[in-house]
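Visitor: Take a look at this one; I'll ask things after.
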Amino acid sequence: MAAVAGRTAGFAVDVLRATSEFRTWWPQLATQARRIGVDSVPIAMFIALFTGVVLALQSSYAFTGAVPLYFVGTLVGKTIILELGPVLTGLVLAGRVGANIAAEIGTMRVTEQVDALEMLAYDPLAYLAVPRVTAGLITFPIVVAFAVGMGIVAGWITSTGLLDLSSQEFVRGLRMFYRPFDLRYALIKSASFGVVVTSVGCLFGYTTSGGAEGVGRATTRAVVVACMVILVLDAFWAVVLL
Amino acid sequence: MIRLEGLTRSFGDLHVLRGFDLEVATGETVAVIGRSGEGKSVLLKHVAGLLQPDSGEVWIGDEQVTGADRERVRRLRLSMGYVFQSSALFDSMTVAENVRLALRRHGTPAAEIEERARESLETVGLGGWEGRYPAELSGGMRKRAGVARAVAPRPTYLLYDEPTSGLDPVTTSMIDELVLQLKEDLRATSIVVTHDMRSACRVADRIALLREGRVSWLGTPEEIEHTDDAAVKAFVEGRRDLWPDD
Ligand SMILES: Nc1ncnc2c1ncn2[C@@H]1O[C@H](COP(=O)(O)OP(=O)(O)OP(=O)(O)O)[C@@H](O)[C@H]1O
Ligand SMILES: [Mg+2]
């Protein structure tokens, strides 16, 4: 356990140091931002769509008339912004992005492409890890913002379409307890999840050994570990920031 | 100059290198021959600093690779070219992009990169294949692309891991000529790992036989034809019955 922590810390330090190799990673940032961020928007929106629908229906069901119905707007908004938007998106992207990174870098490792980078005098971490982690840091909050927007719109349409709630009532509930900090909290969380998913993918990919089986193992581990870290980090932010 | 002193390296209880000594003079080419699994690739990776020895030293010029910090090793590698046994091409890039990536790092002026990459692919007979991806090439073509990538920046130290394995005799002689050419033009100091005795005799000033983790025989291509060393004879003539049992 201590050894794992030590190696992880060492890796983090190496990645941080590699950020000084600006000329190596900068040209790749746009490509990675597209692959990690832009390409993740559809799946994130898809999930948010159904989350918004379900949240609206379930909260109205739970209120059973004892709570004014416009609180559906409050509940949908708060839950999506504070928790489900960032966390569900983070977990899904741990699968989509984390697995992709671990498999790609892992394959490069076992086919000696990482060694080849070293022989060309590149810092492999500057070339492989830094643009991905940076892209995760920048794009995850944007993806989550899209998801949050989608979730709320879905909740609103459901409320007006299937529940006995007008748009004004929904918006009233939505705004009632809203604080600007909510959004900031969501974005900070998302950025941290972006760093976790990408750097865990890089770490497991980079330390892959043993052929195709090793790549498979690295990929699975990257997803599992990234999901666990996301959940722990989620609790951490709740304790620290709220 | 490349100097290897008393290199030892084990993987678990597999002792691959057991006191390997070799000195390659500036401008010299030494071919390392040896049976499959003897540790030739492992040896070459130690020279490049991709693997660290359990003990012993690797010197490139007057700089020590073993134990050197990352920056120093990286600077040394700017003067090295490495041909991987597995080619190790970047498979997300075209052949030309592979070569250009090498040139870019080595400070080639942007205006020349295109031209130099094309030139270097032509010297290995891959003119016209610049836009292809490694997966679209044959094994031998990939090997040659790997050679092109390694030599394009015109390094002064060259480490070739079986540059001609899997190539037909004509293409092999093409690569041999390239090796000789680089030696002439750049006074490159080279280690060529090979199984191909003809090719070894053609390009090498000296030939070293790696056996049981050390250099068991070292001599010129002329000497190798008249040696009494049983292992060398077995190797050159391809006769298993002559191979001394280890
Ligand atoms: N990373 C590694 N981990 C464990 N053992 C290894 C590793 N790399 C090489 N070996 C072992 O070291 C020995 C030498 O391997 P090496 O690849 O150097 O052989 P070689 O002489 O290049 O053979 P070939 O001519 O077939 O390429 C082999 O027995 C191999 O199993
Ligand atoms: Mg080998």
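The values are calculated or read from the model by the stated rules, or taken from the named source; none is laboratory data. What you see is a predicted model; the values in this text were computed from it and never measured. Neighbour counts are summed over all protein chains in view; Cβ atoms, including those assigned to glycine, are modelled from backbone coordinates with ideal geometry. For the accessible areas, the whole protein counts, side chains as well, though only heavy atoms, and no ligand, DNA or RNA atoms are used. Shrake-Rupley method; radii C 1.70, N 1.55, O 1.52, S 1.80 Å.
Visitor: Being within 16 Å of ligand 2 (Cβ to nearest atom) and either within 18 Å of the chain's Cα centre (by Cα) or surrounded by fewer than 21 Cβ atoms within 10 Å (Cβ to Cβ) (or both) narrows it down to one of B:ASP185, B:ASP196, so name that one.
Guide: On the way: B:ASP185 fails: within 16 Å of ligand 2 (Cβ to nearest atom).
It is B:ASP196.
Visitor: Follow-up. Going by what's in this entry, would B:HIS15 be described as more than 16 Å from ligand 2 (Cβ to nearest atom) and in contact (Cβ under 8 Å) with a residue 40 or more places away in the chain?
Guide: Yes; evaluated as a whole, the condition is true for this residue.
Visitor: Test each condition in (1) more than 16 Å from the chain's Cα centre (by Cα); (2) open to solvent by 50 Å² or more (accessible area, probe 1.4 Å) for B:TRP217 and report the one that comes out false.
Guide: Only one criterion in (1) more than 16 Å from the chain's Cα centre (by Cα); (2) open to solvent by 50 Å² or more (accessible area, probe 1.4 Å) is unmet by B:TRP217, namely (2).
Visitor: Looking at segment A:105-113, is at least one residue within 13 Å of another protein chain (Cβ to nearest Cβ), open to solvent by 10 Å² or more (accessible area, probe 1.4 Å) and in contact with a Leu (Cβ under 8 Å, 6 or more places away or on another chain)?
Guide: yes
Visitor: Under the condition of being within 11 Å of the chain's Cα centre (by Cα), within 16 Å of ligand 1 (Cβ to nearest atom) and not aromatic (Phe, Trp, Tyr), which residue from segment B:148-166 is farthest from the other protein chains (Cβ to nearest Cβ)?
Guide: Top of the filtered list is B:THR164.
Visitor: Can you say whether A:LEU75 is within 14 Å of the chain's Cα centre (by Cα) and part of a helix (DSSP H, G or I), as far as the supplied structure shows?
Guide: Details: within 14 Å of the chain's Cα centre (by Cα): no; part of a helix (DSSP H, G or I): yes.
So A:LEU75 does not fit the description; no.
Visitor: If B:GLY166 passes every condition in (1) within 16 Å of ligand 2 (Cβ to nearest atom); (2) open to solvent by less than 60 Å² (accessible area, probe 1.4 Å) but one, which one does it miss?
Guide: (2)
Visitor: If I filter segment B:142-149 for residues that are open to solvent by 80 Å² or more (accessible area, probe 1.4 Å) and either in contact with a strand residue (DSSP E or B) (Cβ under 7 Å, 6 or more places away or on another chain) or outside any helix (DSSP H, G or I) (or both), do I get at least one hit?
Guide: There is no residue in segment B:142-149 that is open to solvent by 80 Å² or more (accessible area, probe 1.4 Å) and either in contact with a strand residue (DSSP E or B) (Cβ under 7 Å, 6 or more places away or on another chain) or outside any helix (DSSP H, G or I) (or both).
Visitor: Which of the following residues is open to solvent by 40 Å² or more (accessible area, probe 1.4 Å), touching a strand residue (DSSP E or B) at 6+ places or on another chain (Cβ under 9 Å) and hydroxyl-bearing (Ser, Thr, Tyr): B:SER41, B:SER36, B:SER55?
Guide: Within the list B:SER41, B:SER36, B:SER55, the selection yields B:SER55.
Visitor: Within segment A:70-116, track down each residue that is of a type in the set (Ser, Thr, Tyr) and farther than 13 Å from A:ALA147 by Cβ.
Guide: Matches in segment A:70-116: A:TYR70, A:THR74, A:THR107, A:THR111.
Visitor: Sticking with this one: What is the residue count in segment A:118-128 for residues that are at the interface with chain B (Cβ under 8 Å from one of its Cβ atoms) and either free of Cβ contacts under 8 Å to residues at least 60 places away in the same chain or in a helix (DSSP H, G or I) (or both)?
Guide: Residues meeting the conditions: 4.
Table: residues versus (1) assigned to a helix (DSSP H, G or I); (2) closer than 25 Å to B:HIS46 by Cβ; (3) among the aromatic types (Phe, Trp, Tyr).
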{"position": "B:ALA135", "(1), (2), (3)": "yes, no, no"}
{"position": "B:TYR160", "(1), (2), (3)": "no, yes, yes"}
{"position": "B:VAL170", "(1), (2), (3)": "yes, no, no"}
{"position": "B:GLU177", "(1), (2), (3)": "yes, no, no"}
{"position": "B:LYS183", "(1), (2), (3)": "yes, yes, no"}
{"position": "B:SER199", "(1), (2), (3)": "yes, yes, no"}
{"position": "B:LEU210", "(1), (2), (3)": "no, yes, no"}
{"position": "B:LYS233", "(1), (2), (3)": "yes, no, no"}
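Visitor: If you don't mind, there's one more thing I want to ask. Condition test on B:LEU182, is it in contact with a strand residue (DSSP E or B) (Cβ under 7 Å, 6 or more places away or on another chain) and at pLDDT 95 or above?
Guide: No: the conditions fail for B:LEU182.
Visitor: Considering B:GLY127, B:GLY131, B:GLY107, which residue is over 18 Å from the mean Cα position of the chain (by Cα), surrounded by fewer than 18 Cβ atoms within 10 Å (Cβ to Cβ), free of Cβ contacts under 8 Å to residues at least 60 places away in the same chain and under 23 Å from B:ALA48 (Cβ atoms)?
Guide: Of B:GLY127, B:GLY131, B:GLY107, the one residue that is over 18 Å from the mean Cα position of the chain (by Cα), surrounded by fewer than 18 Cβ atoms within 10 Å (Cβ to Cβ), free of Cβ contacts under 8 Å to residues at least 60 places away in the same chain and under 23 Å from B:ALA48 (Cβ atoms) is B:GLY107.
Visitor: Of the residues in segment B:149-163, how many are within 16 Å of ligand 2 (Cβ to nearest atom) and among the small types (Gly, Ala, Ser)?
Guide: Keep residues of segment B:149-163 that are within 16 Å of ligand 2 (Cβ to nearest atom), which gives B:150, B:159-163.
Among the residues that remain, those that are also among the small types (Gly, Ala, Ser) are: B:150.
The number of residues fulfilling the criteria is 1.
Visitor: What number of residues in segment B:28-69 are within 12 Å of ligand 2 (Cβ to nearest atom), in contact (Cβ under 8 Å) with a residue 60 or more places away in the chain and among the aliphatic types (A, V, I, L, M)?
Guide: The number of residues fulfilling the criteria is 4.
Visitor: Filter segment B:199-246 down to the residues that are more than 24 Å from B:LEU4 (Cβ to Cβ) and touching a Pro at 6+ places or on another chain (Cβ under 8 Å) and list them by number.
Guide: B:ALA230, B:ALA234
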